[in-house]
Amino acid sequence: MLSRSSFTSLVVGVFAVYVAHTCWVMYGIVYTRPCPAAAAGEEEGGGGGGAGCVWPYLARRPKLQLSVYTTTRSNIGAESNVDLVLNVEDFDIESKFERTVNVSVPKKTRNNGTLYAYIFLHHAGILPWRDTKQVHIVSPLTTYMVPKPEEINLLTGESAMQQIEAEKQTNALDEPISHWRSRLTLNVMVEDFVFDGSSLPADVHRYMKMVQLGKTVHYLPILFIDQLSNRVKDLMVINRSTTELPLTVSYDKISLGKLRFWIHMQDAVYSLQQFGFSEKDADEVKGIFVDTNLYFLALTFFVAAFHLLFDFLAFKNDISFWKKKRSMIGMSTKAVLWRCFSTVVIFLFLLDEQTSLLVLIPAGIGAVIELWKVKKALKMTIKWQGLRPKIQFGTYNDSEKKTEEYDTQAMKYLSYLLYPLCIGGAGYSLLNVKYKSWYSWLINSFVNGVYAFGFLFMLPQLFVNYKMKSVAHLPWKAFTYKAFNTFIDDIFAFIITMPTSHRLACFRDDVVFLVYLYQRWLYPVDKSRVNEYGESYEEKPRKKAHRE
């Protein structure tokens, strides 16, 4: 069997290989090998003909026109049953623009139907249906989602629920309804890049349309719709009384490297949805790409990989520490209970807020581990009498009782400050904030207390350390890995969408850990004191003298 150090080294080695492989894959995405003939200096239509090369049609600088149509049909073959909503006659592929137009909403769409946008890039002055060198792409302007539950004042019952219910008398509350996508983001790849026809990138190939001009093959302008910019926050519910809705059409040029990267990211988000991620979960991932600078995003990927590594090592060392724990000397039992309570409450709060699975899954795993720690801290044993469980608690020795005395003393002082603040905050929110239900208010009140004053419950452990003048009983390996993750969480707090209270709690943990570090420096390890496994180095049995 592998030793612990060997297993950790193996994990770190696998992690290093994974990071190196990821960097190589990313390099392969953003860098595309040009056609060798073109790279050697052969010109389009020259003597060598650039054999095997696929040349850009945009290099001929044609006059183009951009047209955006809407229709309820997913396939159109002629000009019938379409509405022209935007027409840019002198379209400059180098110029960025954004325009807002009003789109007529057909009755079929208002009755929970779908509306499509057909975007054509064609020669100026020619209808797209008559232009053999036009390119087009289709995108739905609607999507289906379960509407967010209405929030009300629990005491007065004030809300607009009556109007909503009047429109949806026949609809179930959990039935997905049609929502309007208010943004349409277009891109055209503007680089005069010459592809190698024998090794076209598969990701770009599906967006390419080839034409034969003389002896050379050209690819028409690559038109791309940025689906990552379609965010849940921009969606609008389509009511039956709605006849027009605004649509913001924005355009910007895009490089080949960014285009390929964006295609892969869109495919990744689509794969998440195929694996059961909801529209909201996928939206959180979209926000990481859209709302973040590309270079900062690369740094985020690199840091996120380390976050996963430190998460694994922290869980491993924390579980190993508590698995061997036989004594609670120097450990605050109430701090363990509080961490368990707060972790479970935070998990229920994130679940109630329908937070991204990126945040929810780690919170759920942490809650299970904290429940297991409570069982160890209270020395609980569960015996089954038939189908009825019987819970028994172990006894504490004198040293553990002394620790419990310090723990109780610290909690007594904290209760004078903590309880009035939590009760006052819950009462204030009940009077002034709207909630979906009484359960939602209860969970929010608990979690606000946890986030705002929860760090105070970490103070009993600091008080116990102060009284015992020792920190040797703490799981410092797990603490170290968690500290690294705490600072990484500070970065993610600005990137991943999460409740504001959860974001502020990330910075609160930094302060607490700095105090632990100060105590680590203040109370150096004394081998005569009890270590984290309830043992003292001086209590180890001495070896018997060897008899001659």
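Every residue, every condition in (1) under 29 Å from Ser67 (Cβ atoms); (2) part of a helix (DSSP H, G or I), yes or no:
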{"residue": "Pro221", "(1), (2)": "yes, no"}
{"residue": "Lys233", "(1), (2)": "yes, yes"}
{"residue": "Leu247", "(1), (2)": "yes, no"}
{"residue": "Tyr251", "(1), (2)": "yes, no"}
{"residue": "Gly257", "(1), (2)": "yes, yes"}
{"residue": "Gln266", "(1), (2)": "yes, yes"}
{"residue": "Val285", "(1), (2)": "no, yes"}
{"residue": "Phe289", "(1), (2)": "yes, yes"}
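So if I check each of Leu235, Leu245, Leu297, Leu259, which one is at pLDDT below 90, buried (at least 18 other Cβ atoms within 10 Å of the Cβ) and not basic (Lys, Arg)?
Values: Leu245 fails: at pLDDT below 90; Leu297 fails: buried (at least 18 other Cβ atoms within 10 Å of the Cβ); Leu259 fails: at pLDDT below 90.
Answer to the selection: Leu235.
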Q.
Kindly evaluate Gln273 against the criterion of being modelled with pLDDT under 75, assigned by the TED database to the domain that holds Gln227 and either closer than 26 Å to Val30 by Cα or open to solvent by 40 Å² or more (accessible area, probe 1.4 Å) (or both).
A. yes
Q: Take the stretch 66-94 and flag every residue that is closer than 19 Å to Tyr219 by Cβ and part of a strand (DSSP E or B).
A: Leu66, Phe91
Q: Inspect all residues belonging to the stretch 283-291 and state whether any of them is within 30 Å of Ser415 (Cβ to Cβ) and at pLDDT 75 or above.
A: no
**Q.** Test set (1) of a type outside the set (D, E, K, R); (2) modelled with pLDDT under 75; (3) closer than 23 Å to Lys233 by Cβ - His307 fails condition number
**A.** (3)
(Q) Contact list please: Cβ distance under 7 Å, first residue in the stretch 333-351 and without any contact (Cβ under 8 Å) to a residue 12 or more places away in the chain, second residue part of a helix (DSSP H, G or I) and aromatic (Phe, Trp, Tyr), pairs at least six apart or on different chains. (A) none
Q) What do you reckon, is Ile319 assigned by the TED database to the domain that holds Glu400, touching a strand residue (DSSP E or B) at 6+ places or on another chain (Cβ under 9 Å) and open to solvent by 20 Å² or more (accessible area, probe 1.4 Å)? A) no
**Q.** Any pair with Cβ under 7 angstrom, 6 or more apart, that starts in the stretch 212-235 at a residue that is touching a residue at least 40 places away in the same chain (Cβ under 8 Å) and ends at one that is acidic (Asp, Glu) and part of a helix (DSSP H, G or I)
**A.** Arg231/Asp283; Val232/Glu279; Val232/Asp283
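The values are calculated or read from the model by the stated rules, or taken from the named source; none is laboratory data. Predicted model, so just to flag it, every value in this text is computed and none were measured. Quick reminder, even Gly has a Cβ in these numbers, built from the backbone with ideal geometry, and neighbours come from all protein chains shown. Please note that ligands, DNA and RNA were not included when accessible areas were found on the heavy atoms of the full protein model with its side chains. Shrake-Rupley method; radii C 1.70, N 1.55, O 1.52, S 1.80 Å.
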